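A short worksheet on the structure shown next.
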Amino acid sequence: MFGKYKRLQNYEYFSQSQISDIETNERFKEKLDFLALTKIRRDSVRSLHKLYNENKEYILDMFYKRLLEIPELNYIITTYSSVERLKVSLDRHFVSLFEDELSIEYVFKRRKIAYTHAQIGVLPNWMISAYTLINQLFIPLIIKSFSKNERTMMDILLTYDSLVTIDIQIIVETYIEIQGGSVVNGLGEIIKYNTQLEQIKELVQFQEVQQQEVILASVAMQELDASIEEIAASVGDVAMQTQQALNQLNHDISSLKHVSTILQNTDDGQQKIQTDVKHLVDRVNSVSKLMSFIQDIAEQTNLLALNASIEAARAGEAGKGFAVVAEEVRNLADNTKHSVQSINDDIEKLLQITSEIDQQIKQSANDLHSSVREASQVTKTLFELNNALQIQGERFDEIVTAAKIQAQSSSSISERNKNIAESAERSKAITFEVGLAIYQLSKMIDGYRTKTISKNFILSQEDIIEVAITDHLLWRWKIYNLILGFEKMTTDDIGSPKTSRLGEWYYGKGKELLGAEKAFQDLEELHEQVYIIAKKAVEAYHAEDKELAEKFMEEITDVSNIVINKLKQLQQILIDQKLQYH
């Protein structure tokens with residue numbers, strides 16, 4: 001009949017094309033192929049732009065009217081934006097849906113929508129509901145507009161639905177990536193923090209050292225306790241002996257005072273003897289002068305007698321009697337002279353002896369006087385010292401009492417030190433238990449992380465690198481805890497760098513995306529080096545060479561830090577590549 005159209009029969013959307021002929025990145029291409037979204041079908045949707053523009057106000061008004069009826073969405077809209085601003089954003093999104101090329105830029109526009117809404121607390125279920133609401137508003141318009149040509153309507157409608165589905169997939173995947181990144185980074189940060197708790201080793205070692213020191217201190221305190229008791233007894237004996245010595249010293253000082261008095265008196269007598277000897281010397285000198293005078297007289301008499309004899313001889317016979325007298329006088333003068341000479345010799349000897357006695361007495365007097373002065377000073381000093389010692393002697397009783405109190409305190413300290421030693425042993429055990437608990441906690445968190453991200457999340461490449469970094473830290477942490485005694489491991493458990501998660505990424509997707517980067521090229525040798533050193537550390541541990549194992553652990557840490565630095569560089573390269581699409 002005229003005016004009637006034949007209804008569509010046996011319509012098959014996929015009979016026209018099984019895959020997409022649109023060239024784009026691998027992940028986006030998978031979606032386009034799955035939905036058979038070709039260039040022709042993409043172009044067919046462009047005709048909807050006009051339909052949208054004709055009904056834009058209706059669609060936008062009804063869409064936000066419905067959203068504002070939901071309290072949760074109403075709060076988010078009024079808190080973080082406004083309906084008018086959001087209408088502009090949604091309008092741009094519709095234009096993009098109808099006009100934009102299906103490229104990586106198209107994908108990142110949708111990802112940006114997901115990131116923006118996730119930041120303000122819009123959950124993915126509301127995003128899906130929002131797209132459903134848009135379909136409820138727009139699909140009836142499509143059907144009404146193309147109802148006269150069912151094939152065209154079905155092509156356009158299914159292509160439109162495919163585009164909306166792709167949008168929803170991209171947004172939901174982005175939400176999953178955000179959540180996955182949150183889990184990866186959140187749990188990763190916790191694990192990183194745990195793996196940085198290297199103070200556990202120091203604490204365990206400190207507790208071991210402290211325990212040994214407490215034991216040594218306890219032994220030393222017991223020895224000190226015994227020593228203090230011995231000292232207290234010795235101090236008592238010393239106090240008694242000191243008192244006896246002080247009493248004797250008092251007696252000796254009294255005797256010394258008496259001796260000093262005698263010496264002083266002797267010194268005074270010596271001074272008098274010195275004076276008397278001086279007088280004697282003076283008298284001997286006087287007699288010596290007198291003898292000289294007598295000798296002079298005798299010589300003069302002898303001379304006169306000689307002259308008289310000469311004159312008597314001249315007188316002849318008349319002078320014989322006078323000559324006899326003169327001869328006698330001369331003989332007497334000679335005898336006197338000889339006698340005086342003999343006396344004078346004796347006086348000279350006496351004078352010499354007296355002089356020597358005088359010198360000796362002077363020296364003796366000086367020495368005695370000096371000794372008396374020194375004896376007086378010694379007596380004074382000893383007297384003062386005695387007074388001081390007497391005071392100290394009085395304090396010895398106080399020292400004895402204090403020593404006894406100290407001995408009691410020392411015994412109390414020894415008992416408490418014993419308790420401290422027991423506490424140190426318990427503290428060491430607790431420290432070991434805490435370290436083990438921290439390690440077990442990190443293993444539980446890693447188990448949850450691994451299980452969660454392997455089954456429930458789509459991860460971005462930068463998050464995959466973050467997972468690899470965390471895996472690497474945990475692997476290093478495992479060896480660290482082996483040395484502490486919290487883990488069991490053999491060299492076979494070390495595995496191969498190629499079979500690790502980092503190795504699988506490195507020789508797979510990582511090489512495809514970043515193989516030309518220098519940081520990527522440097523990574524292979526460094527990663528292998530970590531495994532080589534790790535095996536040496538495990539071998540040293542099983543050889544009970546803990547010091548060597550810790551040395552290798554330090555080397556692992558140094559090389560591992562370089563590996564992590566290289567991975568972070570690659571991670572930043574991926575992030576920078578995405579920034580151009582924001």
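Observations on the structure shown:
- Normalised contact order of the range 13-191, rounded percent, pairs of Cα under 8 Å and 6 or more residues apart: 28
- Across the range 493-508, computed HN-Hα scalar couplings (Karplus, 6.51 cos²θ - 1.76 cosθ + 1.60, θ = phi - 60°) run 6, 5, x, 10, x, 6, 8, 6, 4, 5, x, 4, 5, 4, 8, x Hz from first to last residue, x flagging Gly and Pro.
- In a fully extended conformation the segment linking ASN250 and ILE262 would gain 2.5 nm over its present Cα-Cα distance, using 0.36 nm per residue.
- Nonlocal amide H pairs with ALA36, under 5 Å, H built at 1.01 Å: SER20
- Model label points for ILE310 and GLU550, set 7 angstrom from Cα along the Cα-to-Cβ axis, are 13.0 nm apart.
- Sites GLN271 and ASN331, calculated FRET efficiency, Cβ-Cβ separation with R0 45 Å, nearest 0.05: 0.35
- Greater than 30 Å apart at Cα, pairs in LYS257/LYS404; LYS109/LYS568; LYS65/LYS109; LYS535/LYS568; LYS498/LYS536: LYS257/LYS404
- Alpha-carbon centroids, the range 300-346 and the range 460-511: separation in whole Å: 150
Computed from the coordinates by the stated procedures, all read-outs in this text should not be read as laboratory data. Just so you know, these numbers come straight off a predicted model, no measurement behind them. Because the Cβ atoms are built from the backbone with ideal geometry, glycine has one as well, and the counts that use them run over all protein chains shown.
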